[in-house]
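Data block below; observations after.
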Amino acid sequence: GAGVSQTPSNKVTEKGKYVELRCDPISGHTALYWYRQSLGQGPEFLIYFQGTGAADDSGLPNDRFFAVRPEGSVSTLKIQRTERGDSAVYLCASSLVRTGRTEAFFGQGTRLTVV
Amino acid sequence: AQSVAQPEDQVNVAEGNPLTVKCTYSVSGNPYLFWYVQYPNRGLQFLLKYITGDNLVKGSYGFEAEFNKSQTSFHLKKPSALVSDSALYFCAVRDLRGFKTIFGAGTRLFVKA
């Protein structure tokens with residue numbers, strides 16, 4: 001596609017439920033990032049993939065959060081036993097090459113609301 | 001650890017006047033630096049980046065930024081502000097050793113007609 005696509009755009013779930021958020025990066029982009037943005041805050045780094053592997057998952061807040069990218073393209077962020085504090089906009093971004101010189105292109109985000 | 005500070009929550013400028021949005025950073029070694037803009041209900045859009053070379057970098061929509069290594073700053077500037085520049089601006093830093101990009105808290109720019 002022309003840009004980074006994230007689905008769903010909005011997700012409302014009950015506390016304790018499991019959710020999956022999907023990111024479809026720009027075709028050919030090897031690097032993929034997940035961020036979380038709370039109201040009034042800047043994007044908070046969660047995890048970075050280079051190809052299929054998670055090169056840096058130091059931003060995942062706890063073991064309820066997990067992300068995969070099995071074929072090096074689409075990625076899924078999975079949140080178990082959701083809590084109200086998980087409510088935020090989850091952003092996905094991708095970039096083209098292996099070096100850190102390139103900028104990342106962001107999707108529109110998934111707004112997660114835990115009630 | 002990397003960090004970014006945007007000391008101003010909001011910047012108010014009159015249309016036609018120059019604008020500056022401030023950013024300072026902390027990183028081990030040399031950084032890659034980025035500015036992004038976020039309009040309401042839209043994703044983050046890349047504006048410009050500093051990788052190496054000339055300290056003054058030019059980007060989209062007439063914006064530019066100056067890298068100052070001694071002051072660890074990367075302020076965003078525009079000679080003449082437009083009302084349409086009103087948005088949320090984020091500074092970001094990436095460590096040369098990795099790919100983790102850290103964002104500041106953002107500065108809301110309000111340009112008054």
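Here are B:28, B:60, B:70: which of them is over 10 Å from the mean Cα position of the chain (by Cα), under 24 Å from residue B:15 (Cα atoms) and loosely packed, with under 15 Cβ neighbours inside 10 Å?
B:60
Pick from the stretch A:2-45 the residues that are under 12 Å from the mean Cα position of the chain (by Cα) and without any contact (Cβ under 8 Å) to a residue 24 or more places away in the chain: which of them is nearest to residue B:101 (Cα to Cα)?
A:45
Which count do you get for residues in the stretch A:64-79 that are surrounded by fewer than 14 Cβ atoms within 10 Å (Cβ to Cβ) and free of Cβ contacts under 8 Å to residues at least 12 places away in the same chain?
0
What number of residues within the stretch B:83-113 are more than 10 Å from chain A (Cβ to nearest Cβ), part of a loop (DSSP other than H, G, I, E, B) and closer than 18 Å to residue B:64 by Cα?
Summing the residues that are more than 10 Å from chain A (Cβ to nearest Cβ), part of a loop (DSSP other than H, G, I, E, B) and closer than 18 Å to residue B:64 by Cα in the stretch B:83-113 gives 1.
Might you check whether a residue that is in contact with a Leu (Cβ under 7 Å, 6 or more places away or on another chain), open to solvent by 50 Å² or more (accessible area, probe 1.4 Å), assigned to a strand (DSSP E or B) and within 11 Å of chain A (Cβ to nearest Cβ) occurs anywhere in the stretch B:33-50?
For the stretch B:33-50, residues in contact with a Leu (Cβ under 7 Å, 6 or more places away or on another chain), open to solvent by 50 Å² or more (accessible area, probe 1.4 Å), assigned to a strand (DSSP E or B) and within 11 Å of chain A (Cβ to nearest Cβ): present.
Can you pull out the strands (runs of 3 or more DSSP E) entirely within the stretch A:73-115 that have at least 1 residues that are facing another protein chain (nearest Cβ under 9 Å)?
A:88-95
Being among the small types (Gly, Ala, Ser), at pLDDT 95 or above and surrounded by fewer than 16 Cβ atoms within 10 Å (Cβ to Cβ): is that true of residue A:38 here?
no
Could you please give the count of residues in the stretch A:56-100 that are farther than 21 Å from residue A:8 by Cα and acidic (Asp, Glu)? Quick ask: steps written out before the conclusion?
Pass one, the stretch A:56-100, residues farther than 21 Å from residue A:8 by Cα: A:56-59, A:61-63, A:95-100.
The next check asks that each one be acidic (Asp, Glu); those that pass are A:56-57, A:63.
Matching residues across the stretch A:56-100 total 3.
Let's see how each residue does on (1) out of contact with any Ser or Thr (no Cβ under 7 Å at 6 or more places or on another chain); (2) at pLDDT 95 or above; (3) not polar (S, T, N, Q):
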| site | (1), (2), (3) |
| --- | --- |
| B:2 | no, no, no |
| B:6 | no, yes, no |
| B:16 | no, yes, yes |
| B:28 | yes, no, no |
| B:37 | yes, yes, yes |
| B:41 | yes, no, no |
| B:49 | yes, no, yes |
| B:54 | yes, no, yes |
| B:63 | yes, yes, yes |
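Just checking, which of A:104, A:88, A:93 is small (Gly, Ala, Ser), more than 17 Å from residue A:24 (Cα to Cα) and crowded, with 18+ Cβ neighbours inside 10 Å?
After ruling out the rest, the residue left standing is A:88.
Could you list all residues from the stretch A:10-35 that are open to solvent by 80 Å² or more (accessible area, probe 1.4 Å) and closer than 21 Å to residue B:37 by Cβ?
Hits for the stretch A:10-35: nothing passes.
Output the residue which, of all residues in the stretch A:59-71 that are in a loop (DSSP other than H, G, I, E, B) and farther than 25 Å from residue B:34 by Cα, is nearest to the other protein chains (Cβ to nearest Cβ).
The residue in question is A:69.
Within the stretch A:41-56, which residues are open to solvent by 60 Å² or more (accessible area, probe 1.4 Å) and more than 25 Å from residue B:38 (Cβ to Cβ)?
A:52, A:55
So which residues in the stretch B:1-32 are part of a strand (DSSP E or B), among the polar types (S, T, N, Q) and more than 12 Å from chain A (Cβ to nearest Cβ), if there are any at all?
Across the stretch B:1-32, the qualifying residues are B:12, B:20, B:24, B:26.
The values are calculated or read from the model by the stated rules, or taken from the named source; none is laboratory data. A quick note: this is a predicted structure, and the numbers were derived from the prediction, not measured. For neighbour counting, all protein chains shown are included, and Cβ atoms are generated from backbone atoms with ideal geometry for every residue, glycine included. All accessible areas refer to the heavy atoms of the entire protein, side chains included, with ligands and DNA or RNA removed. Shrake-Rupley method; radii C 1.70, N 1.55, O 1.52, S 1.80 Å.
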